[in-house]
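Contents: one structure, followed by commentary.
The values are calculated or read from the model by the stated rules, or taken from the named source; none is laboratory data. Note that the structure is predicted; figures quoted are calculated from it, not measured. Cβ atoms come from the backbone with ideal geometry, glycine included; neighbour counts cover every protein chain shown. The accessibility values were calculated without ligands, DNA or RNA, using every heavy atom of the protein model including side chains. Shrake-Rupley method; radii C 1.70, N 1.55, O 1.52, S 1.80 Å.
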Amino acid sequence: MDSLVNAEYEAGFTTDVETETLPPGLDESVVRFISAKKGEPEWLTEWRLSAYQAWQDMPTPQWAHVHFPPIDFQSISYYSAPKSQTDGPTSLEEVDPELLDTYKKLGIPLHEQEILAGVRKEVAVDAVFDSVSIATTFKDKLADAGVIFCSISEAVHEHPDLVQRYLGSVVPQRDNFYAALNSAVFSDGSFVYIPKGVRCPMELSTYFRINAQNTGQFERTLIVADAGSYVSYLEGCTAPMRDENQLHAAVVELVALDDAQIKYSTVQNWYPGDKDGKGGIYNFVTKRGACRGDRSKISWTQVETGSAITWKYPSVVLRGNDSVGEFYSVALTNNYQQADTGTKMIHMGRNTKSTIVSKGISAGKSENSYRGLVRTTPSAQGARNYTQCDSLLIGSESGAHTFPYIESQNPSAIIEHEASTSKVSDEQLFLCQQRGIDAEKAVSMIVNGFCKEVFRELPMEFAVEAGKLLEVSLEGAVG
Amino acid sequence: MSLLQIEELVVEVAGQRILNGLNLALDTGEVHAIMGPNGSGKSTLANVMAGRPGYEVVEGRIEFDGVELADLEPDTRAHAGLFLAFQYPVEIPGVSNMEFLKASLDNLHAARELEAVSTVEFMKSVRAIAEELDLNPEFLKRGVNEGFSGGEKKRNEILQLLLLQPRLAVLDETDSGLDIDALQVVAKGVNRFSGPDNGVLLITHYQRLLDHIVPDVVHVLAEGRIVRSGDKDLALDLEAKGYSWVVA
């Protein structure tokens, strides 16, 4: 049982492209350089600088159940762009073929031809290669619907009013240490705006990938769903194999106005480090959605199998009356991975509802924690929350922890919390084997069964991918 | 050549000797019963044949269809046609019975180089067997053995036996904890399975199962070895006189 923990990282390859990289270190001039490089308006430069000022005085968060040596933020390079990108490609043909090849290895449906030929289902992709968004597909079709889907750098120029209005409105610059850092140095990311009453005609997708050595990646994503609109957004993340730990501190902000719905799905398999715990991504991410409008809804679904350390709490602030927040999560850790992940549901509006379903799977010598906050403010008359938090242990050297926080300031609120911990037992494996199913398949089947409630929230092709990803991540976890 | 040939088998569990020079031969078309007092090593025999971790063969051989089993993984033994009906079937929450049975059948067919069974065919045969065993077809949607009563779990084992069609069925005290109706259903299933091309090894503590499944040979297992073999009347004698009569 203990010897099935040796997953080969399939996305482990690096792309040999000339890059333009800033030397390591962070000060005001670096912030100004990044902003200037992107030709940003003055308000944004100032906005970055004020974030940088705040960040300097902030302590690193110490409360998470994760352990790692202190990060030297001066040893990180804060800007890296593929050089062939400097002029900016206008079509896929102009994109460096090596980059396209990289995406191909990852199975990203980047080629419009393939999609149009019906080889793949229509998905619009905004790909972030290190720090610059290199190619965006399906812009025209989306434009017909009035949907804006572009890199955030582009949005700063093309839709400054929207960006200025919503940027930092959900995750303020000084929200936390990593969010402040991101606000100061964010490189690129996606921007989405769905106009009033529009149902986005296709699923939107971003694939993030960390490539250059010692470059932190600081994406910034902003999604605004105007009244009565709907969007489903998919985010997939991989990073090539690296010896050094790499910092990834993204910020994602979602805004849903009256009757709007945002469904945000993530499959994250950043490089987790090798089987001895060497290398891997530090994934310190701030994700938050604001249900500003009445009857609005935000759903987070995440499948987290990668990263050496995951620190991530996709949250929903339920301000609109009758608004709904959901969080469905599968977090799998193997070898020496550490995950401290969960959510915050802040109920402010009347009759607001939230659902939390968290499935943690720990194998190898990993540590897996669920941390969740459910808060109802005095104004949250009739608020309801249901939380279900299950842990599954594989082997006997891993850890599963649950840290639920409940703060109810409204006596009419109903908050339910259920938790369970179970183990993939030798008896279960033996039963499967006796029926002809080998140990690896058996573990994968048992883990998939355990995650079923979350997988069914994922869009179809993501659900299949997620199942496969679990299988790969668990390779070598039993034997 | 026998379907099953066990010679001078010595087995230890956690350093303790449980089987001590056991011999047994079973041919296709035969039903054998193994009876014996508690702690005589009956379940150990079943588990060591199936390759359960923790059951160590110290000496002797287990040959199945001419192949030595000792070094084979449990799933490889299953592929070869060895089936164990568990005394205490374990639950696998979240994995539906249907998914589990289909995975099992697919893997066995692949390993035996048989044609894959379509989902439609599969559903048809499972439903037919379930009906025969008085199992509500709804059970297919539930988790493997999840929330099953003791009787349901045992009938589910027999369902798997009939679906998977192994060459040798080892039933480890499948009769224990069953009421008389369930016992008859189980016996009916085993009798339907039993044929000229396969073998059945019934491990039981009580004679009552043998009223419904008539064995060709009855063995008495005591202190880790077969101390007496005979025809079905041996079981009746044991019922009447107790084990001390043969063991002493």
Note to self: Full-extension gain between B:Asp65 and B:Tyr88, please, as 0.36 nm times their residue separation minus the C-alpha to C-alpha distance.
What the structure shows: 5.6 nm
Note to self: Using a 7 Å offset from Cα along Cα-Cβ at A:Gln388, what residues in region A:323-365 end up with backbone N under 11 Å from the label point?
What the structure shows: A:356-359
Next item on the list: Calculate, in whole percent, how much of the Cα-Cα pair population of the protein assembly as shown lies beyond 37 Å.
Entry: 49 percent
Note to self: I want to verify a result. In a Gaussian network model of chain B, Cα cutoff 10 Å, which of these has the top mean-square fluctuation: B:Asn23, B:Asn136, B:Asn198?
What the structure shows: B:Asn136
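So what is the relative contact order for region B:2-247, in percent, with contacts set as C-alpha pairs under 8 Å and at least six apart?
28 percent
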Checklist line | Accessible surface buried upon B-A contact (total; probe 1.4 Å; Å², nearest 100) | finding: 2000 Å²
Margin query: Within region A:183-203, list the residues whose amide N lies under 17 Å from a label point set 7 Å along Cα→Cβ of A:Asp144.
Written below: A:195, A:198-203
Check: Quick one: helix B:180-193 against the long Cα principal axis of chain B, what's the angle to the nearest 10°, folded into 0 to 90?
Finding: 90 degrees
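From the helices alone, meaning DSSP H stretches of at least four residues, give me the mean residue ellipticity at 222 nm for the protein assembly as shown, per-run term -39500 (n - 2.57), in deg cm²/dmol to the nearest 500. Don't jump to the answer; show the numbers that get you there.
Details: 19 runs with 199 residues, N = 727.
Result for the protein assembly as shown: -8000 deg cm²/dmol, rounded to the nearest 500.
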Item checked: Amide H contacts under 5 Å for A:Leu332, placed H, 5+ residues apart -> A:Glu304, A:Thr305, A:Ile361
Note to self: Suppose the chain between A:Trp43 and A:Gln74 were pulled fully straight at 0.36 nm per residue; how much longer would it get relative to their current alpha carbon spacing?
What the structure shows: 8.6 nm
Next item on the list: Tell me which residues come under 5 Å, amide H to amide H, from B:Glu146 once H is placed; ignore anything under 5 positions away on its chain.
Entry: B:Ile92
Notebook entry, point to check: Suppose R0 equals 30 Å; then what is the FRET efficiency for B:His212 and B:Glu73 from their Cβ-Cβ distance, rounded to the nearest 0.05?
Noted result: 0.30
Item checked: Between region A:417-479 and region B:35-58, the Cα center-to-center distance that results, in Å -> 29 Å
Next item on the list: Express in Å², to the nearest 10, the accessible area of B:Met123 obtained by rolling a 1.4 Å probe over the protein heavy atoms while all chains stay in place.
Entry: 30 Å²
Item checked: In nm, spacing of pseudo-spin labels at B:Glu121 and A:Gln409 (7 Å Cα→C-beta vector) -> 6.5 nm
Notebook entry, point to check: Between B:Asp197 and B:Ser2, what length comes free when the chain is fully extended (0.36 nm per residue of separation minus the Cα-Cα distance, one decimal in nm)?
Noted result: 69.0 nm
Notebook entry, point to check: By how many degrees, 0 to 90 and rounded to 10, does the Cα axis of helix B:232-241 deviate from the longest principal axis of chain B?
Noted result: 70 degrees
Check: Sorted by accessible area (1.4 Å probe), largest first, how do B:Asp65, A:Asp426 line up?
Finding: A:Asp426, B:Asp65
Next item on the list: Round to the nearest 0.05 the FRET efficiency obtained for A:Glu416 and B:Lys141 when R0 = 30 Å and r is the Cβ-Cβ distance.
Entry: 0.75
Next item on the list: Any chance you could give the angle, 0 to 90 degrees and rounded to 10, that helix B:97-111 forms with the longest Cα principal axis of chain B?
Entry: 70 degrees
Next item on the list: Give the ranking of A:Ile346, B:Ile180 by solvent-accessible surface, highest area first, calculated with a 1.4 Å probe.
Entry: B:Ile180, A:Ile346
Next item on the list: Using amide H atoms built 1.01 Å from N in the peptide plane, name the residues 5+ places from A:Gly372, or on other chains, whose amide H lies under 5 Å from its own.
Entry: A:Thr343, A:Phe403, A:Tyr405
Item checked: Viscosity 1.002 mPa s, 20 °C: Kirkwood-radius Stokes-Einstein D of region B:2-247 over Cα pairs, µm²/s -> 116 µm²/s
Margin query: If DNA, RNA and ligands are ignored and the probe is 1.4 Å, what is the ranking of A:His417, B:His109 by accessible area, most exposed first?
Written below: A:His417, B:His109
Notebook entry, point to check: Kirkwood-based Rg over Rh for region B:133-181 (C-alpha set), two decimals?
Noted result: 0.96
